[in-house]
Every structure is written in C-alpha cells, then in structure tokens.
1. Here are Thr15, Thr55, Thr80: which of them is touching a helix residue (DSSP H, G or I) at 6+ places or on another chain (Cβ under 7 Å), open to solvent by 40 Å² or more (accessible area, probe 1.4 Å) and among the β-branched types (Val, Ile, Thr)?
2. Please verify whether Arg96 is surrounded by fewer than 24 Cβ atoms within 10 Å (Cβ to Cβ), in contact with an Asp or Glu (Cβ under 8 Å, 6 or more places away or on another chain) and under 20 Å from Asp65 (Cβ atoms), treating the condition exactly as stated.
3. Give me the residue from segment 129-184 that is assigned to a helix (DSSP H, G or I) and of a type in the set (D, E, K, R) and, out of that set, nearest to Val101 (Cα to Cα).
4. Quick check on this structure: which one of Pro193, Pro220, Pro197, Pro130 is over 26 Å from Gly74 (Cβ atoms) and surrounded by fewer than 22 Cβ atoms within 10 Å (Cβ to Cβ)?
5. Can you name the residue in segment 136-180 that is among the hydroxyl-bearing types (Ser, Thr, Tyr) and open to solvent by 40 Å² or more (accessible area, probe 1.4 Å) and, of all such residues, is nearest to Trp123 (Cα to Cα)?
6. When residues of segment 110-144 are filtered for being under 21 Å from Ala95 (Cα atoms) and among the basic types (Lys, Arg), how many remain?
7. Give all pairs with beta carbons closer than 8 Å in which a residue from segment 1-21 that is among the small types (Gly, Ala, Ser) meets a residue that is in a helix (DSSP H, G or I); count only pairs at least 6 apart in sequence or on separate chains.
8. What pairs can you find where one residue is in segment 193-210 and within 17 Å of Gly151 (Cα to Cα), the other is loosely packed, with under 11 Cβ neighbours inside 10 Å, and their Cβ atoms are less than 7 Å apart, with a gap of 6+ or different chains?
Amino acid sequence: MSVFTIGFLIFPDLTQLDFTGPLQVLSRLPASKTLIVAKSRDPVPSDCGLSLVPTATFQDCPPLDLICVPGGFGVVKAMTDPETVDFIRRRAESARYITSVCTGAFVLGAAGLLQGRRATTHWAYTDMLPLVGATHEKARVVWDGNIVTAGGVTSGIDFALRIVAELAGEEIAQSIQLGIEYDPAPPFDTGHPDRAPETVRQLVMPRYAKSREAYRAALPS
C-alpha cells in the first residue's frame, strides 16, 4: 500500500491551532505520514508563544499528496516571500489536494492557485478573496476541485475530518472524531459574526484592523 504524504507549511507567527487542529486529525489517517515543512529546521515561533519544530525543509521535502497552509498574523510575510510562494506553487503541481486553513488561503492566492476558484477564509478577511482571484463562498469548508479551503482557526478540524472521509471513508473519519472527542458544545453562540452581538464584534474587529491594512498593501489591487 502506498503511503499518503501530508505536508504542513509553517512560518513565523502562524496561528498554532490552524496547524495543530488538522494535524491532530490527519496524523491519524491510515497509511499516511505527516511532514512539518519550513525554510529551515530551526524552531518556528507561533502567535501564542509555542515554538514548532519542522521535520523537513523546502530543499529536502519529498513530493506531497496533500499540502496545507495555516493562517495567522505571519501570513503577510509568508505570502510576500518569493521562496515560500515558489515552494507552494511547485508542490501544488503534483499534489492531489491543495488546502488552507484561515488566512492561509492568501498564501495559496499569492501562488496563483485560487484564480477562478470558490474559497473561504477567516470571516474578517473574506471580502479580500477577490484580490487573489477567488470568489468567497459562505461555508465553513469550501471544496473546489482539488482546492480545499477552511474558515477561521477551529474549522481546520472540520476540513481535516472531511479529507479523511474522502480518503478512508466516513467510518474512519467518525472514529477519529470520536477518538479526539470532537463534540463542540461552546458556552456561547458567538462563534460566527452572523450570530455575535454587535458589541462583541466591535470588541474583536480592532484586532484585525492593522493586519487588514497589511493584506491590502501586499495584495494586488
């Protein structure tokens, strides 16, 4: 049986749950191996003080069946870094699935992979998807051909379970969901801007104001 090779791109100031959520699910996919890919093997700082250790570099990374790009406040530097964008573009040529979580979609976009595609990203940035040629589809996970994009942060778990179901069947995906006890029952129904009160939205939006400006400056107008 051939081994399904999964590669997660990591970069400084990524949102660690964008990465570790789907990692926890996809690492349990039967007959698979997972690589954590970065420019070098030096530890990579995330946005919450947790450093991550790569297992492969751009130079020694083997061909990937699935490539996943997480998001975070480090995306602007990642999507304007020629070496990173070139790595994504080249690996996408042979990958069966090209995927992102949260604002990782803009790294795919910078590589020209979202032109004419339906896609999603974190809710605070969905209006910017047309800047990379994509059409926003309002969904937690959007599947367009071999491009799979997930919304903000925790939606990476949903995306990963859907990938497992596609590759190994729904029963295996359900067993992984049970194994990690993924049974969301949040204390508040404010996880999406459609349901959050205006006062809560106003508390959150300033967090993204500066990065939205940075995205607009980095993306073609």
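The values are calculated or read from the model by the stated rules, or taken from the named source; none is laboratory data. From a predicted model like this one, the values you see are computed outputs, not experimental measurements. Every residue, glycine as well, gets a Cβ built from its backbone with ideal geometry; the counts of neighbours run over all protein chains shown. Note: accessible area is taken over every heavy atom of the protein model, side chains too, but ligands, DNA and RNA are not part of it. Shrake-Rupley method; radii C 1.70, N 1.55, O 1.52, S 1.80 Å.
1. Thr80 is the lone residue from the list that is touching a helix residue (DSSP H, G or I) at 6+ places or on another chain (Cβ under 7 Å), open to solvent by 40 Å² or more (accessible area, probe 1.4 Å) and among the β-branched types (Val, Ile, Thr).
2. yes
3. Asp158
4. Only one candidate qualifies: Pro197.
5. Ranking the qualifying residues of segment 136-180, first place goes to Thr154.
6. Residues that pass the stated criteria total 2.
7. Gly7/Arg91; Gly21/Gly156; Gly21/Ile157; Gly21/Ala160
8. Within 7 Å, the pairs are Arg195/Asp189.
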